C-alpha cells in the first residue's frame with residue numbers, strides 16, 4: 001500500500017535556526033514524485049518543493065531543501081534560517097507515476113505543525 | 001493569473017441538510033481534484049476529473065457525495081444529506097498535466113461543520 005508517514009505532530013525551532021521535518025514513504029512504484037506543501041493559518045496549501053524519484057540531486061528552492069534518501073524511502077524537508085512566517089502546518093505528499101495506469105492522486109501524510117519562536 | 005478559488009470558505013449546517021461546495025480551477029487546467037481533511041488526520045483524496053469526466057472517484061466516501069464538472073470548468077461537490085462525520089476541510093486542486101512531477105495548485109479550502 002502507498003503511504004506517507006510524518007512522525008512529528010509538532011516542532012519548535014528558534015528563529016534563524018535550521019529545522020528538519022521528517023517524511024517517510026512506502027510505495028512499490030519505481031517512478032514517483034514527492035512534494036512538500038505549507039499550510040499557514042489562512043488555510044491555503046502552498047507548494048514548496050518537488051523531488052522526482054529518479055532525480056540524483058536533492059531538490060532545493062531558496063531556503064527549502066529536500067533530503068532525499070531513496071534506499072531509506074525518506075524525503076525530509078530542511079528549512080534553513082527559519083523565519084517567523086514559516087510557522088505553519090507542513091504536509092509531505094507523494095504522487096505515483098501514471099505509468100501502468102496508476103492514478104495520479106496525491107497521497108498525504110498527517111502533517112507537522114511548525115512553530116518558529118523569536 | 002487567478003488561482004484556484006473555492007466557495008464558500010466556511011459553512012455550518014445541520015445534520016440532514018444539503019451543502020454544495022464549489023471550486024473554480026485555474027483557467028486551462030484540465031485536471032481537477034477534490035481532497036478532504038478530517039480534523040487531525042491526513043488529507044485524503046476524494047476524486048479526480050479530467051475535463052468533465054471522472055477519472056478516479058475511488059476516494060468518495062459514499063453515495064451521499066456527488067461531484068460534477070459540467071463543461072469541464074468549475075466543479076461542485078454536493079453532500080446530501082450531511083452527517084456529523086462529514087465535517088472537515090474540503091480542498092480543491094487543479095493541474096495542467098497529470099504526470100508524477102506535475103504540481104497541483106490548491107485552493108484555500110472550504111471548512112465544513114455539520115452540527
Stokes-Einstein, Kirkwood over Cα pairs, chain B, 37 °C, 0.692 mPa s; D in µm²/s equals 234 µm²/s
On the first, second and third principal axes, largest extent first, how far apart are the outermost C-alpha atoms of the protein assembly as shown in Å? 48, 43, 36
What does the average come to when, for each residue of peptide B:93-104, you count the partner chain Cβ atoms lying within 10 Å of its Cβ? 6
Dividing the alpha-carbon radius of gyration of region A:2-69 by 2.2 N^0.38 Å (N being the number of residues), what value is obtained? 1.21
Given an 8 Å cut-off on Cα distances and at least 6 residues of separation, report the relative contact order of chain A as a percent. 36 percent
Within 10 Å of each Cβ in B:34-47, the average number of Cβ atoms from other chains: 4
For a footprinting-style exposure proxy, rank B:43, A:79 by other Cβ within 10 Å, fewest first. A:79, B:43
Give me the base-10 log of I(q)/I(0) for chain A at each q in 0.10, 0.12, 0.19, 0.23 Å⁻¹, Debye formula, one uniform scatterer per Cα, rounded to two decimals. -0.28, -0.40, -0.97, -1.35
Starting with the fewest neighbours, write out B:29, B:10 ranked by other beta-carbon atoms found within 10 Å of each beta-carbon. B:10, B:29
Normalised by the number of residues in chain B, what is the relative contact order in percent for Cα pairs under 8 Å and 6+ residues apart? 37 percent
Per residue of A:40-47, what is the mean number of Cβ atoms on other protein chains within 10 angstrom of that residue's Cβ? 5
Distance from region B:50-79 to region A:1-77 (C-alpha centre basis), Å: 29 Å
If you build a Gaussian network model of chain B, linking Cα atoms that sit under 10 Å apart, which residue out of B:93, B:67, B:104 swings the most? B:104
Proxy exposure order for B:60, A:11, A:94, B:39 (fewest C-beta within 10 Å first) is B:39, A:11, B:60, A:94
Compute a Gaussian network model of chain B, connecting alpha carbons closer than 10 Å, and tell me which residue from B:41, B:51, B:15 fluctuates the most. B:41
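Read-outs: derived from the displayed coordinates by stated rules, not from any lab. Please read all numbers here as calculations on a predicted model, not as lab measurements. Don't worry about glycine lacking a Cβ; one is built from the backbone with ideal geometry, like all the others, and counts go over all protein chains shown.
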